[in-house]
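**Q** The structure follows.
The values are calculated or read from the model by the stated rules, or taken from the named source; none is laboratory data. Owing to the predicted nature of the structure, the values given are computational and were not obtained by experimental measurement. Cβ sites come from the backbone with ideal geometry, for glycine too, and all protein chains shown count toward neighbours. For the accessible areas, the whole protein counts, side chains as well, though only heavy atoms, and no ligand, DNA or RNA atoms are used. Shrake-Rupley method; radii C 1.70, N 1.55, O 1.52, S 1.80 Å.
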Amino acid sequence: MKKIVSLFSFIIIINTLQAQELNCNVTIIQPQVILSDASIFQTMENTIEEFINNRKWSKDEWAQTERIDCNLQITIESQPSQRQFKGSIQVGSSRPVYNTDYKAPILNINDRDFEFTFQENTQIQWSIDQHRDNLSSVLAFYANMILAADYDTFSPEGGTEHYLICQTIVSNAQNAPEAGWKANERGQQNRYWLVENIITQTFKPLRDLAYNYHRKGMDKMFSDLIESRGVMTAALLELNSIHKIKPSSYNMQVFFYAKADEIISIYKPLPAAEKQPIYELLKKLDPGNISKYEKMMQ
């Protein structure tokens, strides 16, 4: 009996050590006109989930309970041929807040330039040394982007290694025919600028915010609400420095796509005088959501 218990414990330990980093849910939205059997889209979901969830993306050991919850929604708008697909990919991720059941949104990216080839019964292959195809490169880019953003919330600039991997993926794809990889595409709202910006000194306040807002702020709200919220406020106000140099940058838009509703819920209950500085900041940095922020002051 002891041997059976020991073996069972050993299996649990091995499974924990081998747990990968991402717990990704993939959803494929089919096009109206389909040039192949519709079952290909279920196969596509399963193949992409297997590629994302079963691959080791980092050097660290992750327990099963530490895996990052994330999701990919791929909307296929057209199917030029049986194996070619065009559309967009929505990337989202979250991280747990200490001592609560709440999961804070970290990323919310809508990439509208997603064109790829998919063949059934073929595994997705990726290597950091080359651009093999657009599907593997885009998926690897966002897997590393999710990891980088998550690491940044747990230690100062902790995601640098994975941002640099993203930069390598972009560099490898410069001769790719598909859009999304080059500096002059879609008004700088693309993968190139998403990573190019975030690793520059200009955007350091955004990376500092990731750590201060989440680790020193949200994770400590249960023990000292006033102090932790003060840290979060100070970190948010530092974003002014980015706005002065690069107003309306893609990275700032991505940040507010993910965090606007959460910030509103945190500051809405406060007295008007206390939340006024954040309200003024949000109106300036994220003017597209002014109507939301006005409700925060009501």
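**Q** Determine which single condition residue 268 fails, assuming it passes every other condition in (1) surrounded by fewer than 18 Cβ atoms within 10 Å (Cβ to Cβ); (2) in contact with a helix residue (DSSP H, G or I) (Cβ under 9 Å, 6 or more places away or on another chain); (3) closer than 29 Å to residue 191 by Cβ; (4) not aromatic (Phe, Trp, Tyr).
**A** Going through (1) surrounded by fewer than 18 Cβ atoms within 10 Å (Cβ to Cβ); (2) in contact with a helix residue (DSSP H, G or I) (Cβ under 9 Å, 6 or more places away or on another chain); (3) closer than 29 Å to residue 191 by Cβ; (4) not aromatic (Phe, Trp, Tyr) one by one, residue 268 breaks only (3).
**Q** Something else about it: Looking at (1) in a loop (DSSP other than H, G, I, E, B); (2) open to solvent by less than 50 Å² (accessible area, probe 1.4 Å); (3) under 11 Å from residue 207 (Cα atoms); (4) charged (D, E, K, R), which one does residue 157 not meet, given that it meets all the others?
**A** For residue 157, the exception is condition (2).
**Q** Return yes or no: is residue 139 in a helix (DSSP H, G or I) and either of a type outside the set (Ser, Thr, Tyr) or crowded, with 20+ Cβ neighbours inside 10 Å (or both)?
**A** Criteria met by residue 139.
**Q** Exactly one of (1) of a type outside the set (Lys, Arg); (2) open to solvent by less than 90 Å² (accessible area, probe 1.4 Å); (3) modelled with pLDDT of 95 or more is unmet by residue 35. Its number?
**A** Every listed condition holds for residue 35 apart from (3).
**Q** Filter region 50-76 for residues that are buried (at least 16 other Cβ atoms within 10 Å of the Cβ) and among the acidic types (Asp, Glu) and give the result.
**A** 69 - this is the single residue of region 50-76 that is buried (at least 16 other Cβ atoms within 10 Å of the Cβ) and among the acidic types (Asp, Glu).
**Q** Got a number for residues in region 111-123 being open to solvent by 70 Å² or more (accessible area, probe 1.4 Å) and part of a strand (DSSP E or B)?
**A** Residues in region 111-123 being open to solvent by 70 Å² or more (accessible area, probe 1.4 Å) and part of a strand (DSSP E or B): 2 in total.
**Q** Being in contact (Cβ under 8 Å) with a residue 60 or more places away in the chain and assigned to a helix (DSSP H, G or I) is true for just one of 253, 276. Which residue is that?
**A** Answer to the selection: 253.
**Q** How many residues, within region 77-86, are open to solvent by less than 70 Å² (accessible area, probe 1.4 Å) and either in contact with a helix residue (DSSP H, G or I) (Cβ under 7 Å, 6 or more places away or on another chain) or among the polar types (S, T, N, Q) (or both)?
**A** Selection size over region 77-86: 3.
**Q** State yes or no: is residue 50 within 12 Å of residue 124 (Cα to Cα) and either over 20 Å from the mean Cα position of the chain (by Cα) or acidic (Asp, Glu) (or both)?
**A** So residue 50 fits the description; yes.
**Q** Within region 87-110, track down each residue that is surrounded by fewer than 16 Cβ atoms within 10 Å (Cβ to Cβ) and either of a type in the set (Asp, Glu) or within 18 Å of residue 54 (Cβ to Cβ) (or both).
**A** Within region 87-110, 101 is the sole residue that qualifies.
**Q** Could you check region 203-226 and list, in sequence order, the residues that are touching a Gly at 6+ places or on another chain (Cβ under 9 Å) and under 21 Å from residue 274 (Cα atoms)?
**A** Within region 203-226, 217 is the sole residue that qualifies.
**Q** Continuing with this model, one more query. Within region 5-22, is there a residue that is in a strand (DSSP E or B), under 30 Å from residue 134 (Cβ atoms) and modelled with pLDDT of 95 or more?
**A** Scanning region 5-22 turns up at least one residue that is in a strand (DSSP E or B), under 30 Å from residue 134 (Cβ atoms) and modelled with pLDDT of 95 or more.
**Q** Here is a follow-up. May I ask you to verify whether residue 278 is touching a helix residue (DSSP H, G or I) at 6+ places or on another chain (Cβ under 8 Å) and within 17 Å of residue 235 (Cβ to Cβ)?
**A** yes
**Q** Taking region 142-161 as the search range and keeping residues that are of a type in the set (Asp, Glu) and more than 11 Å from the chain's Cα centre (by Cα), which one is farthest from residue 49 (Cα to Cα)?
**A** Only one residue tops the list, namely 157.
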